[in-house]
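Below is one structure, written out as structure tokens; the observations come after it.
Every read-out reported here was derived from the displayed coordinates using simple, explicitly stated rules and does not represent laboratory data. If you're wondering where the values come from, they're calculated on a predicted model, not measured in any experiment. Note: ideal-geometry Cβ built from the backbone for every residue, glycine included; neighbour counts use all protein chains shown.
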Amino acid sequence: MHYQNPIIPGFNPDPSITRKGDDYYLVTSSFEFFPGVPVYHSRDLTHWHRIGHALDRESQLALRGARASGGIYAPTIRYHQGMFYMTTTNVTGGGNLIVHAQDPAGPWSDPVWIEQDGIDPSLFFDEDGKVYFTSTQYDHQRQGIGMCQVDPLTGQKLSDTRILWYGTGGRYPEAPHIYRVGAWYYLMIAEGGTEFGHMVTIARSQSPWGPYQGCPHNPILTHRDGMFTRIAGVGHADLVQDPQGGWWMVCLGYRLSQMFFHHLGREVFLAPVQWEDGWPVVNQGRLLEEEMDAPGLPDPAPWPQPPVRDFLMERGREWFFLRNPREENYRFGVEGMTLTAGEDGLDGTGAPTMLLRRQEHFAMRTETEVSPRRLGPGGRCGMTLFYNGEHHYDLYLTQNQQGYRLQLTKTVADIVVTTADIPWDAAARLRIEADRDVYRFSYAWPGSEDFTPLGSGVTRLLSTEATPLSFTGVVIGLFATGDCEAVFRYFDYEPQEEKP
């Protein structure tokens, strides 16, 4: 059966998957964005839609002051005896935690905290009722995978932590998951770092505590040597078995926009898995592709396509914030969304008044109409392509010494350049069009269908490779900063056909 990779496009790294009956649920990392840990639902493994977030209250997720690419790392979701469990790491706010829920759409419990450090935590529920918690661990200057027994409802450790495996020699052994298949316990991890050398390796033992023997054909999945593929950085995987007994892997990867650059973030890919001689073989040993064929997939069960235009009468599940928001600064109603600026701007580690959603396609068109209610000197309201506080392109209305202006400003590390500055005296329609290489900015006055080009910016300066130690991707934001209150009448997001 034919399907399209990535199965979840845009910034959605570190996928973990579980199944309840014929329904599949998947979570991904969210870093400094709130709410945290998006939860996706599918009935066919290839069509997914967001049903909520596992961490949607500040009591669960403290992000104030979190650095760019801080916050939530690498969640794991598991279903066991009528309950869903999610474990993750808040690297800038408390460490490893577990929450649980009867309904994966929520509400999820407040967290319990685990006295085991490291990142990329996972849970394994054994047949004898014991529950094991794994995460990365350091031992004598080496990183490996550590495990302890826990109570997942209280977070209490029921054993000491023991190192299970150091991997095959690749750097940063991480992303551990344990599975029991027949008489064997399998420990699958990622190695090589989440860049071009990323890979998935696996080992097995007849006890959850080891010793673990590595697979003779490790790595079982990598694109590190792929020469003619636009998919790179493949790794950090999880396995699921379907009701018919077939096995599938979800993993992260990213699509290159050009050469060695990617700006949409790490995305979720799907691959079939067969077992040969007691070891998993992923996609028959071949590289993953954007166009895939795999026998045994469930019948297609697509979700309704979202409309192009969102009138912003309420906050849909696709929207999120930068760090913990000040909810009183966001108001939704029949005229659209009203944003009241707070004290924070787009730079730094504050929580600006800004509503965000992922860019999911290289070629796309996005548009809004913004009407200031109050715009004092230095105030700004408009649209941003945001990677982090040091890398973003902003198209906005403002007031300066020359009066009311429409500006395009590009911030790249310590370089800030305003490339367009024209007068205005009314509301404005703002548009951004994109392909793999370039963002193009234009504007129109309300009532006019004629958009005037204002400038452009290359995508590679908003890429992961242009930023230091970053793990996210480009998101699109509607914002108000400084002395400003503004109404956003609508928001459009429309994929476009890519040019060959």
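If the label point is 7 Å along Cα→Cβ of ASP151, which residues in region 102-123 have backbone nitrogen under 14 Å from it?
112-115
Taking a cut-off of 21 Å between Cα atoms, list the lysines near LYS157, but don't count ones fewer than 8 places away on the same chain.
Here the lysines satisfying the reach criterion relative to LYS157 are LYS130.
Projected onto the charge dipole of region 376-435 (+1 at Lys/Arg Cβ, -1 at Asp/Glu Cβ, origin at the Cα centre), which of ALA420, GLY382, THR409 gives the Cα projection farthest towards the positive end?
GLY382
Provide the gained length on full extension for the span LYS499 to ALA413, in nm with one decimal, where the gain is 0.36 nm per separating residue minus the Cα-Cα distance.
Extra length available between LYS499 and ALA413 comes to 27.9 nm.
Using 12 Å as the cut-off for backbone N distance, which residues of region 473-500 belong to the label zone defined by a point 7 Å from the Cα of THR340 along Cα→Cβ?
484-486
Sort largest first and round to whole Å: the equivalent ellipsoid semi-axes of region 420-484, each the square root of five times a Cα gyration tensor eigenvalue.
On the way: eigenvalues 145, 51, 20 Å².
Working through the eigenvalues yields semi-axes of 27, 16, 10 Å.
With all pairs of different alpha carbon atoms counted, what Kirkwood hydrodynamic radius in Å does the chain show?
About 23.4 Å for the chain.
So which chymotrypsin sites (Phe, Trp or Tyr not before Pro) in region 133-218 are both in a DSSP loop and have at most 14 other Cβ atoms within 10 Å of their Cβ?
In loop regions of region 133-218 (DSSP not H, G, I, E or B), the sparsely surrounded chymotrypsin sites (Phe, Trp or Tyr not before Pro) are TRP209.
Just to verify a number: FRET efficiency for ASP23 and GLN141, C-beta to C-beta distance, R0 = 51 Å, to 0.05?
0.70
For Cα pairs less than 8 Å apart in space and 6+ apart in sequence, what is the mean separation divided by the residue count of the chain, i.e. the relative contact order in percent?
On the way: 1426 pairs, mean separation 70.6, N = 500.
Rounded, it is 14 percent for the chain.
Based on Cβ point charges of +1 for Lys and Arg and -1 for Asp and Glu, what charge dipole magnitude is obtained for the chain about its Cα centre, in debye rounded to the nearest 20?
Here the chain has a charge dipole of around 420 debye.
Identify the GluC sites (Glu not before Pro) of region 33-142 meeting these criteria: DSSP loop state and at most 13 other C-beta atoms within 10 Å of the C-beta.
Answer in residue order: GLU115, GLU127.
Among PRO300, GLY285, VAL273, which residue has its Cα positioned farthest towards the positive end of the charge dipole of region 267-340, with +1 placed on the Cβ of Lys and Arg, -1 on the Cβ of Asp and Glu, and the dipole taken about the Cα centre?
With unit charges placed on the Cβ atoms, the residue in question is PRO300.
Pick out, from LEU239, MET354, VAL181, the residue whose Cα sits farthest towards the positive end of the charge dipole of the chain, with +1 on the Cβ of Lys and Arg and -1 on the Cβ of Asp and Glu.
MET354
Work out the length of the dipole vector of region 309-495 about its Cα centre, built from +1 on the beta-carbon of each Lys and Arg and -1 on the beta-carbon of each Asp and Glu, and round it to the nearest 20 debye. Before the final figure, lay out the partial values.
Numbers: 20 positive and 27 negative charges, 23 e Å.
Computed about the Cα centre, the dipole is about 100 debye.
List the residues of region 368-403 whose backbone N lies under 20 Å from a point placed 7 Å from the Cα of MET313 along the Cα-to-Cβ direction.
Those under the cut-off are 368-371.
Taking the Cβ of TRP113 as the centre, find all other residues whose Cβ is under 15 Å away and add up their charges (Lys, Arg: +1; Asp, Glu: -1).
-3
Please give the net charge around ASN388, taking every other residue with its beta carbon less than 10 angstrom from that of ASN388, where Lys and Arg add +1 and Asp and Glu add -1.
Neighbour charge sum, excluding ASN388 itself: -2.
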